[in-house]
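Colleague: Structure below; questions to follow.
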Amino acid sequence: MSQRHLFGGESTQAPALPGREPEELRRVEDEARRAIEESHRLEEERRVKEKAVREAEEACRRAEEDRQQMERMRDEAEHAREAAEAAAAEARAQQETAERLLREGARPVVVPTVEQFRDAKQRLEYQEGYTHIAVTGVAGSGKSSLINALRGLNNGERSAAPTGIVETTSTIAHYPDPDPKKRVVWYDVPGAGTLTVPDWVYFTDQGLYVLDCILVLFDSRFTATDVAILRNCERFRIPAFVVRSKARQHVRNLVVDMGDNDSDSETEDGQQATAAVLERATERYVEESRTSVARNLKLAELPEQRVYLVDKEVVRLLAKGRPSGSSLDERDLLRDLAKATPPRGSDVTDSMKDSPLADVR
Ligand SMILES: Nc1nc2c(ncn2[C@@H]2O[C@H](COP(=O)(O)OP(=O)(O)OP(=O)(O)O)[C@@H](O)[C@H]2O)c(=O)[nH]1
Ligand SMILES: [Mg+2]
């Protein structure tokens with residue numbers, strides 16, 4: 001009972017114990033007080049330690065949070081760096097593509113508006129229910145001559161397109177096919193790649209995007225200008241034919257270049273030898289033309305397509321329904337043209353549906 005009283009701290013005044021000296025009592029009381037004080041000190045010490053532990057834990061938690069925050073910031077910085085690198089690579093690729101297109105003559109083309117599309121149709125006298133076929137290509141490639149031949153005409157005949165060895169056609173002109181059943185209109189387009197008509201405006205300036213079919217005609221070399229026209233045809237989803245002109249003239253030149261045409265054409269042997277040389281020259285001409293076009297299309301990343309080798313005289317005879325002695329690709333060209341050229345539709349919006357013009361508002 002006295003122990004609980006003493007250590008409970010309610011009073012330090014101990015009752016006098018029977019048989020004990022007051023001195024002894026004081027000593028016991030002092031001891032009891034010290035014990036109480038020690039207990040308080042220990043309690044205080046425990047609280048201080050607990051507080052220190054809590055503070056240390058809190059500091060640890062904050063440090064962990066800081067570390068996680070740093071990690072997040074580092075990740076974000078890494079993502080930002082990767083995104084910036086990807087954007088820079090994309091910008092470089094776009095610049096390279098733009099530069100390549102620029103080199104190849106297909107400069108960034110302005111997409112025609114609906115009004116421009118309508119204007120071009122009006123200007124080119126586009127007639128519903130007719131097929132509108134343009135012959136394009138570099139100056140002097142034989143465009144006007146081919147149109148004449150396709151209409152069954154000789155150069156120089158009345159109603160034939162003007163032709164010549166100097167730059168002849170300076171504005172776009174159109175000629176109805178003499179056979180009304182065909183319902184075809186031929187367009188003679190000024191030569192591309194001349195000083196007056198730079199190739200990158202050739203296509204859009206002429207409004208060629210409204211037409212139903214385009215022939216890209218070349219003479220000696222399949223050039224970047226021809227590639228630019230084909231690229232635009234692809235862009236506007238216009239069927240395009242690659243045609244090489246002046247076939248007989250090229251073969252004759254090759255016979256001379258091959259250097260073995262000295263046979264006497266008066267004798268039978270001589271005639272056979274001449275025919276054999278002609279055959280070899282023709283084979284070489286066909287092979288070289290096809291290889292050259294295929295290589296250039298590949299370089300320009302355009303799809304493969306056939307090249308038709310034609311001579312205007314053979315085309316003219318076939319167009320008139322006359323038999324022609326020798327034919328390279330003239331017959332095929334006339335047949336494939338007839339097959340591939342339905343009119344593009346009566347409504348502006350119909351014609352624009354599948355082309356870049358579809359984006360025009
Ligand atoms: N031998 C031969 N000559 C041709 C042929 N096609 C065109 N020519 C000649 O090539 C020259 C140029 O022909 P054009 O039809 O005027 O050429 P173009 O492409 O219309 O010329 P521009 O309107 O100036 O761009 C003319 O002297 C034609 O007679 C062909 O198939 N064979
Ligand atoms: Mg011409």
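The values are calculated or read from the model by the stated rules, or taken from the named source; none is laboratory data. All of these numbers come straight from a predicted model, not from anything done at the bench. Positions of Cβ are generated from backbone atoms using ideal geometry, with glycine treated the same way; all protein chains shown enter the neighbour counts.
Colleague: Given the residues 82, 65, 115, which is the only one that is more than 16 Å from ligand 1 (Cβ to nearest atom), within 25 Å of the chain's Cα centre (by Cα), part of a helix (DSSP H, G or I) and among the acidic types (Asp, Glu)? Walk me through how you get there before you give the answer.
Modeller: On the way: 65 fails: within 25 Å of the chain's Cα centre (by Cα); 115 fails: within 25 Å of the chain's Cα centre (by Cα).
Result of the check over 82, 65, 115: 82.
Colleague: A further question follows. Using the structure shown, decide if residue 195 is modelled with pLDDT under 85 and more than 10 Å from ligand 1 (Cβ to nearest atom).
Modeller: Numbers: modelled with pLDDT under 85: yes; more than 10 Å from ligand 1 (Cβ to nearest atom): yes.
Taking the combined requirement at face value, the residue satisfies it.
Colleague: Assuming residue 238 fulfils every condition listed in (1) more than 23 Å from residue 140 (Cβ to Cβ); (2) under 27 Å from the mean Cα position of the chain (by Cα); (3) modelled with pLDDT under 90 apart from one, which condition is it?
Modeller: (3)
Colleague: Within region 130-157, which residues are away from ligand 2 (no atom under 14 Å from the Cβ) and under 20 Å from residue 205 (Cβ atoms)?
Modeller: 132, 133
Colleague: Restricting to region 122-147, name every residue that is away from ligand 1 (no atom under 16 Å from the Cβ) and buried (at least 20 other Cβ atoms within 10 Å of the Cβ). If you could, list the steps in order and put the result at the bottom.
Modeller: First pass over region 122-147, keeping only residues away from ligand 1 (no atom under 16 Å from the Cβ): 122-132.
Those that are away from ligand 1 (no atom under 16 Å from the Cβ) and buried (at least 20 other Cβ atoms within 10 Å of the Cβ): 126, 131, 132.
Colleague: Would you be able to say whether some residue in region 308-328 is modelled with pLDDT under 95 and within 29 Å of the chain's Cα centre (by Cα)?
Modeller: no
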